[in-house]
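**Student:** Structure provided below as structure tokens; questions to follow.
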């Protein structure tokens, strides 16, 4: 996998670009589990489209917007995959798409349903590019031009402040405190947050705590589940296990035994 930071002017909105180019042996298949990460992603499948092993989230399009997820899903890769992804900061997508992002909540939406021009202009150029570096340059140039549209500028500043507050508190903050920080009533805050982030604040904080557990475990493999539960603000270990399993399909022990403890939200 290759990764790259965006152009400096795009860093407040885009966290990173990444790509996978992989060819499997004939008849070989690989199942990849996607879990909630607190980020939205724009996925360009430049070759074959993977099979989504969840009828609620299946798609058959080359360019897909993954909104904020509340649960895991699996994709099955066979033969080969050529994938280029744009991972946005939690509030970053609102700067480029003038849509209520709560409509993408827990969904994988073909980009053509959101912006046909965007897909037609960008996808063929990325498909024709020969290297990851060329694709990064193409996307940088395109998104810098999009900045001139200046969607949601005022609310972007407000929501960015809230996201920074969530991150600096490691998600260990309640919704009432966040609404007060935003100088909004709780009802107003929940509406603004859902529109511009694409998730309810309560569900989003659950995802951040999940990502915090991955981050802390990745930094200290010896950390016990009891200590992780405490550090991540859970009432007890049972509460931690239940919430972790709802979002990943595994208990923490099963997950840490099978996957790398890497947080897309806190790491990178």
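**Student:** Out of (1) in a helix (DSSP H, G or I); (2) surrounded by 15 or more Cβ atoms within 10 Å (Cβ to Cβ); (3) touching a helix residue (DSSP H, G or I) at 6+ places or on another chain (Cβ under 6 Å); (4) not assigned by TED's automatic domain parsing to the domain that holds residue 12, the odd one out for residue 234 is which?
**Tutor:** Failing condition for residue 234: (1).
**Student:** Right, next: Can you name every residue in segment 63-102 that is in a loop (DSSP other than H, G, I, E, B), surrounded by fewer than 20 Cβ atoms within 10 Å (Cβ to Cβ) and touching a strand residue (DSSP E or B) at 6+ places or on another chain (Cβ under 8 Å)?
**Tutor:** If the condition is that a residue be in a loop (DSSP other than H, G, I, E, B), surrounded by fewer than 20 Cβ atoms within 10 Å (Cβ to Cβ) and touching a strand residue (DSSP E or B) at 6+ places or on another chain (Cβ under 8 Å), then 72, 79 are the ones that fit.
**Student:** Does residue 126 qualify as being touching a residue at least 60 places away in the same chain (Cβ under 8 Å) and under 25 Å from residue 195 (Cα atoms)?
**Tutor:** When the stated conditions are applied, residue 126 does not pass them.
**Student:** Within segment 40-49, identify whether any single residue is in contact (Cβ under 8 Å) with a residue 60 or more places away in the chain and out of contact with any strand residue (DSSP E or B) (no Cβ under 7 Å at 6 or more places or on another chain), and answer yes or no.
**Tutor:** There is no residue in segment 40-49 that is in contact (Cβ under 8 Å) with a residue 60 or more places away in the chain and out of contact with any strand residue (DSSP E or B) (no Cβ under 7 Å at 6 or more places or on another chain).
**Student:** Going residue by residue through segment 192-208, is there one that turns out to be buried (at least 17 other Cβ atoms within 10 Å of the Cβ), over 19 Å from residue 92 (Cα atoms) and in the same structural domain as residue 263 (by TED's automatic domain parsing)?
**Tutor:** yes
**Student:** Do the conditions hold for residue 16, that is, is it closer than 18 Å to residue 262 by Cα, at pLDDT 85 or above and not in a strand (DSSP E or B)?
**Tutor:** Considered against the rule, which asks whether it is closer than 18 Å to residue 262 by Cα, at pLDDT 85 or above and not in a strand (DSSP E or B), residue 16 comes out as no.
**Student:** Given the options 112, 57, name the one that is in contact (Cβ under 8 Å) with a residue 12 or more places away in the chain, touching a strand residue (DSSP E or B) at 6+ places or on another chain (Cβ under 8 Å) and within 28 Å of residue 248 (Cβ to Cβ).
**Tutor:** Being in contact (Cβ under 8 Å) with a residue 12 or more places away in the chain, touching a strand residue (DSSP E or B) at 6+ places or on another chain (Cβ under 8 Å) and within 28 Å of residue 248 (Cβ to Cβ) holds for just one of 112, 57, which is 57.
**Student:** Test of understanding: among 106, 102, 98, 62, which residue is in contact (Cβ under 8 Å) with a residue 12 or more places away in the chain and on the phi > 0 side of the Ramachandran plot?
**Tutor:** 106
**Student:** Out of all the residues in segment 216-226, is one or more touching a residue at least 40 places away in the same chain (Cβ under 8 Å), within 27 Å of residue 20 (Cβ to Cβ), buried (at least 16 other Cβ atoms within 10 Å of the Cβ) and within 18 Å of the chain's Cα centre (by Cα)?
**Tutor:** Scanning segment 216-226, I find no residue that is touching a residue at least 40 places away in the same chain (Cβ under 8 Å), within 27 Å of residue 20 (Cβ to Cβ), buried (at least 16 other Cβ atoms within 10 Å of the Cβ) and within 18 Å of the chain's Cα centre (by Cα), so the answer is no.
The values are calculated or read from the model by the stated rules, or taken from the named source; none is laboratory data. Note that the coordinates shown come from a computational prediction; the quantities given were computed from them, not determined experimentally. Here the Cβ is made from the backbone with ideal geometry for all residues, glycine too, and neighbour counts use every protein chain on show.
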